[in-house]
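Only one structure is covered here, and it is reproduced in the block below.
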Amino acid sequence: MTAQAAVLRALRKPRGTAAQGFVATSRRDRWAIYPIIQGVVFTLCASYLTFSGVVWNAIWHTPYDVNGYLSPLFSPDLSRNLDLPPWLSPGLLILWIPIGFRATCYYYRKAYYRFYFADPPGCAVGEPKIHRRFALENALPFILQNLHRYMLYLAFIPLTFLWLDLVPAFIAPEGGHGVVDAGPRVGLGGLLFLVNVILLTGYSLSCHSLRHIVGGKVDCFSCTRVRRVRYTLWQRLTDLNRNHMWWAWASLITVTLADVYVRLLAAGVITDPAIHF
Ligand code: FES
């Protein structure tokens, strides 16, 4: 056996202690329910968001910015400054960041590895034998999961723009796309945008990688002032991190709803109930 073959063999997935054989388990609970629900919700939201952000506009050129509400999939709206060809959706220039961030998220990995690859189907549940040939996240394509930390850094860029988008959402600008009542207002769309950006911020700040960046690789938290500050920050992030799964689902659903809301508003299917000042 060559040295390279020996290394690859060592990297392969170990047998583990779960029962052997696909979905073999001694569990008595309905373990399949949560992976199925999570997989279906994830698939529906991800499919809709990809379609809306990448395909929909490239084909039908439907508005995604109306009455001061810019769909979060297109923020920042690069089409305002760039002369893009009509077949290229401006969402494509932005969406690779949140898609990459979510696809490499530790929590989502667990959810979609279970649902799509049965790897494993559930905790203490047997998986297909083919997984014994799986080199885990040590070889392409899954070695790319290690980019998560860098996707986290990038994710704060569109997140910053989403906070800035609250200004036109609550103060509709004169002459904006489809603006009918310019000036301060509190509308259902603005409230939805506000909840969405809060949840997205909670999702980003509760990231496992961020928690490690802030509090990891330190032997003594009390030794210097900077380390004491890091410790305090790490504690706050740990509080958020305990509910990372909750932040992940809630923010995925509100992003989807915010885009659906803008699309329906732009199509004239709904109106935006609002109090104007
Ligand atoms: Fe989920 Fe980083 S671990 S966003």
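The values are calculated or read from the model by the stated rules, or taken from the named source; none is laboratory data. Since we're looking at a predicted model, the values are computed, not measured. Counting neighbours? That spans all protein chains shown, and the Cβs are built from the backbone with ideal geometry, glycine included. Areas reflect the complete protein model, heavy atoms only, side chains present, ligands, DNA and RNA absent. Shrake-Rupley method; radii C 1.70, N 1.55, O 1.52, S 1.80 Å.
In the set (1) away from the ligand (no atom under 16 Å from the Cβ); (2) open to solvent by less than 70 Å² (accessible area, probe 1.4 Å); (3) assigned to a helix (DSSP H, G or I), the condition left unmet by Pro184 is number (3). Scanning segment 59-93 for residues that are closer than 25 Å to Gly175 by Cα, of a type in the set (A, V, I, L, M), assigned to a helix (DSSP H, G or I) and open to solvent by 10 Å² or more (accessible area, probe 1.4 Å) turns up just one, Leu78. Within segment 167-181, the set of residues being closer than 29 Å to Met151 by Cα and either surrounded by 15 or more Cβ atoms within 10 Å (Cβ to Cβ) or within 19 Å of the chain's Cα centre (by Cα) (or both) comprises Pro168, Ala169. Could you tell me whether any residue of segment 159-172 is within 16 Å of the ligand (Cβ to nearest atom), touching an Asp or Glu at 6+ places or on another chain (Cβ under 8 Å) and not small (Gly, Ala, Ser)? No - not one qualifying residue is present in segment 159-172.
The rows are residues; the columns are (1) more than 23 Å from the chain's Cα centre (by Cα); (2) acidic (Asp, Glu).
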| site | (1), (2) |
| --- | --- |
| Thr50 | no, no |
| Tyr69 | no, no |
| Asp83 | yes, yes |
| Trp87 | yes, no |
| Arg114 | no, no |
| Pro121 | no, no |
| Ala135 | yes, no |
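In summary, Leu194 fulfils each of the numbered conditions (1) away from the ligand (no atom under 16 Å from the Cβ); (2) crowded, with 19+ Cβ neighbours inside 10 Å; (3) of a type outside the set (Ser, Thr, Tyr) with the single exception of condition (2).
Among residues of segment 144-157 that are under 10 Å from Ile97 (Cα atoms) and open to solvent by less than 90 Å² (accessible area, probe 1.4 Å), those with a beta-carbon under 8 Å from a residue that is near the ligand (Cβ under 8 Å from one of its atoms) and not in a helix (DSSP H, G or I) at least six positions away or on a different chain give the pairs Met151/Thr104; Leu152/Cys207. Among the residues of segment 94-130, those that are of a type in the set (Gly, Ala, Ser) and either more than 14 Å from the ligand (Cβ to nearest atom) or crowded, with 21+ Cβ neighbours inside 10 Å (or both) comprise Ala118, Gly122, Ala124, Gly126. Among the residues of segment 212-228, those that are in a helix (DSSP H, G or I) and open to solvent by 80 Å² or more (accessible area, probe 1.4 Å) comprise His212, Arg225, Val226, Arg227, Arg228. With respect to being part of a helix (DSSP H, G or I) and closer than 23 Å to Thr50 by Cα, Trp234 falls outside the description.
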